[in-house]
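The values are calculated or read from the model by the stated rules, or taken from the named source; none is laboratory data. All figures in this text were calculated on a predicted structure; none of them were measured in a lab. Counting neighbours? That spans all protein chains shown, and the Cβs are built from the backbone with ideal geometry, glycine included.
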Amino acid sequence: MGGQVKAASSRFCEGGGWVLTEKGKTMLVRGRHVQFDIDLRTGGVRNWTLTGALNTGRLVERPTMIFSEKTPLHGAVLTQTDRLRNDRGDLIFIRTNGVVEVKIQAKDCSQGGIFQMEIERDDAPSTRVRHVLAPETFYFDNPNFRAREGDVVPFSNSAGQ
């Protein structure tokens with residue numbers, strides 16, 4: 001078995017950092033490698049884009065939108081920013097109305113880094129999230145794998161076990 005598999009590397013985050021600008025009811029989040037907008041009323045994220053900035057680990061060479069929308073369908077209007085942490089490429093942003101809270105965590109890295117949205121609420125057990133891919137993005141559906149859905153797929157680790 002040849003070759004090595006490399007895990008995510010901090011070198012893919014070199015030069016990363018966020019600039020946040022509030023514009024009306026939208027927070028513009030701009031990094032060297034990633035950019036997106038947050039709807040301050042819903043906590044939804046729009047226009048999540050890899051910028052294509054020069055980096056050894058970049059996945060694209062020009063700005064490429066990956067998803068156009070991730071909107072939590074909680075039905076509430078968020079009224080205040082509860083927490084904002086912007087530290088050398090790591091972002092934590094929490095909006096709330098006292099009942100519903102949306103937490104966004106992001107890392108400014110050339111391969112996308114971390115992006116996570118969490119919804120906590122005191123009034124309901126769960127919240128659906130609407131995901132809309134960008135026009136040029138698609139989910140890959142491997143029909144050969146899908147045809148075996150339910151089968152036990154053989155696995156071996158690098159030691160051949």
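Of note:
- Residue under evaluation Ser68, criteria (1) surrounded by 15 or more Cβ atoms within 10 Å (Cβ to Cβ); (2) part of a loop (DSSP other than H, G, I, E, B); (3) within 17 Å of the chain's Cα centre (by Cα), criterion not met: (2)
- Matching option when the condition is in contact (Cβ under 8 Å) with a residue 24 or more places away in the chain, surrounded by fewer than 17 Cβ atoms within 10 Å (Cβ to Cβ) and among the β-branched types (Val, Ile, Thr), among Val100, Val34, Val77: Val77
- When region 103-146 is limited to residues that are surrounded by 15 or more Cβ atoms within 10 Å (Cβ to Cβ) and small (Gly, Ala, Ser), the one that is farthest from Glu61 (Cα to Cα) turns out to be Ala106.
- Restricting region 37-56 to residues that are surrounded by fewer than 16 Cβ atoms within 10 Å (Cβ to Cβ) and under 23 Å from Ser10 (Cβ atoms), the residue that is modelled with the lowest pLDDT: Thr56
- Restricting Asn97, Asn144 to those that are more than 26 Å from the chain's Cα centre (by Cα), at pLDDT 75 or above and among the polar types (S, T, N, Q) reduces the list to Asn144.
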